[in-house]
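Heads up: the structure comes next, in structure tokens.
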Amino acid sequence: MTHLAHLHCPSQRDPCMNHEKLPPTPVDQSDPARHVFGGQPVLTFGDEGQRRKFLRAAAVVGFGSTLVALSQRDKFALADATADDLEILNYALTLEYLEADFYTQGLDGGVLDGRDLELVTPIRDHEQEHVTVLTDTVKSLGGKPAAKPKFTYPDGTFDDKKTFLTTASTFEELGVTAYHGQVARINDGDILAAAASIAGVESRHAAVVADLLGGNPFPSSFEKNKSMKAVLKAAGPFIES
Amino acid sequence: MINRRDLIKGTAAVIPAAVGLQMLGTKWAFAADDFSGPVDVLNYALTLEYLEAEFYRQGNQADLLTGKAKTYLEDIQKDEEAHVVALKDTITSLGATPVAAPEVDFGAAFKSKASYLETAYTFENLGVSAYLGAAPSLLKEKGLLTAAASIFGVEARHAAILGVLGEKEAEGGVYNGAFEKPATRAAVLKAASPFLVKAQTL
């Protein structure tokens, strides 16, 4: 029914201004590897090993298991929350675990100083707060919070500022598209408001990290979104177990 | 203990995890009452985007900036203009009438680079809070919600970068904690009213 649902700009800056009718770009359920991060595939699934990593990421999030958790949940839990909502919260939790772990290791590596350090330190703190709040929220709904996975990063990720921040940018942009991909799936108003309040902070992070790298903090007039499947595919290689 | 209403209105500086949880456990009292329906939310957003687009048009025309700041604020102007176009089209496609652009007066905002950046910073953070406050009113309108959220995220990017350009403290300047804070319609109108020539039903 809606036009606005389709207003995502397909490319960098100007298309929205030049088209009377904006091209339809629904939530992307297609193969993600091709378009993650502005058409520059950082992670592709060429082989069976990578596919298995994706499946492992999916298992970590706990597809299916949330249904059981929900049937046992306290009747006092949020009235409108559904199994989908729990799954989304555990999915978000897994991504926040990844970010929190990544920034903790990166900042421990000591490659940042001055204003860079000042701007990135709160990002780590935010991701840790997101982990705490999401964990508590899943519990309050009677669900089982996803366990913290063991993460792995390519060699040298934390050895210099540029590699650290480039990887950070990848994670932040992924996180933004992940939250925006779930907005329409959330059934409970409170969970929606909370998820949105986190998503906005991830957008701030993405912009700041892009600026620190000398990149473009405003790659589009509208945040893009990715399906859960697409995001887990991208995050899978960083999840060891 | 932080009062939940203070938290929702954005006056609480820090949200400890336990309070964040409490926030999730209760309905956002104001949201449903603030708007009469989806078109009302969209026209509210459109008014704010008109205000921002015109603000940057005038500010960039004043030629106060150079280098990276100039590039960034030109990009931001284009974003706001894109938001105006998209919101107007959407309201029209729903069979409703988009509100007209408000008459605005930005006073001394363009007197200096510093005042331009500071006012822009204020506008962007207000926009972020306004969208977040309105989000629950679009809960049942999934397509509109996704779209409004996609604008909200970009406003958050603008807000952060304006904090960087203004050389603000990281926490409490570039960022406002681990969670964005929603604002009520009344609070947003109050904050925007100095720039509106006529009284608005924002």
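Could I have the simple spin-label model distance between B:T122 and B:Q61, label points 7 Å from Cα toward Cβ, reported in nm to one decimal?
2.1 nm
Between B:K140 and B:S93, what is the label-to-label distance in nm when each label sits 7 Å out along the Cα-to-Cβ direction?
It works out to 2.1 nm between the two label points.
Kindly state, to the nearest 0.05, the FRET efficiency for A:D160 paired with A:T104, given R0 = 22 Å and r defined as their beta-carbon distance.
On the way: r = 18 Å, r/R0 = 0.80.
About 0.80, to the nearest 0.05.
Give me the inter-chain shielding for A:170-180: mean count of other chain Cβ atoms within 10 Å, whole number please. Present the calculation step by step, with values, prior to reporting the outcome.
Working: counts 0, 0, 0, 0, 0, 0, 5, 1, 0, 2, 6.
Other-chain Cβ atoms within 10 Å of each residue's Cβ, averaged: 1.
Calculate the spin-label point distance for B:A186 paired with B:S115, positioning each point 7 Å from the Cα along the beta-carbon direction, and give it in nanometres.
In this crude label model, B:S115 to B:A186 measures out at 3.2 nm.
Quick check: the distance between the Cα centres of segment B:138-202 and segment A:112-128, to the nearest angstrom?
Centre-to-centre distance over Cα atoms comes out at 22 Å.
For peptide B:77-86, what's the mean number of Cβ atoms from other chains within 10 Å of each residue's Cβ? Each step should come with its number before you reach the end.
Details: counts 0, 6, 8, 1, 4, 12, 4, 2, 8, 11.
Rounded to a whole number, the mean comes out at 6.
Give the calculated FRET efficiency between B:S193 and A:E118 to the nearest 0.05, with a Förster radius of 30 Å applied to their Cβ-Cβ distance.
On the way: r = 35 Å, r/R0 = 1.15.
The value I calculate is 0.30.
Give me a single rounded figure for B:158-168: the average over its residues of other chain Cβ atoms within 10 Å of their Cβ. Working shown, then result.
On the way: counts 5, 4, 12, 7, 1, 4, 8, 1, 0, 1, 0.
Going residue by residue through B:158-168 and averaging, the value is 4.
Write down the Å³ per residue value for the convex hull defined by the alpha carbon atoms of segment B:97-157.
Values: hull volume 5.8 nm³, N = 61.
Measuring per residue, one finds 95 Å³ for the Cα hull of segment B:97-157.
For a Förster distance of 56 Å, can you work out the FRET efficiency between the beta-carbons of A:K139 and B:T71, rounded to the nearest 0.05? Don't skip to the end; give the middle numbers.
Working: r = 46 Å, r/R0 = 0.82.
The computed FRET efficiency comes out at 0.75.
Values in this text are rule-based calculations from the coordinates and carry no lab data. Keep in mind that what you see is a predicted model, and the values were worked out from it rather than measured. Glycine also receives a Cβ, built like all others from the backbone with ideal geometry; neighbour counts cover every protein chain displayed.
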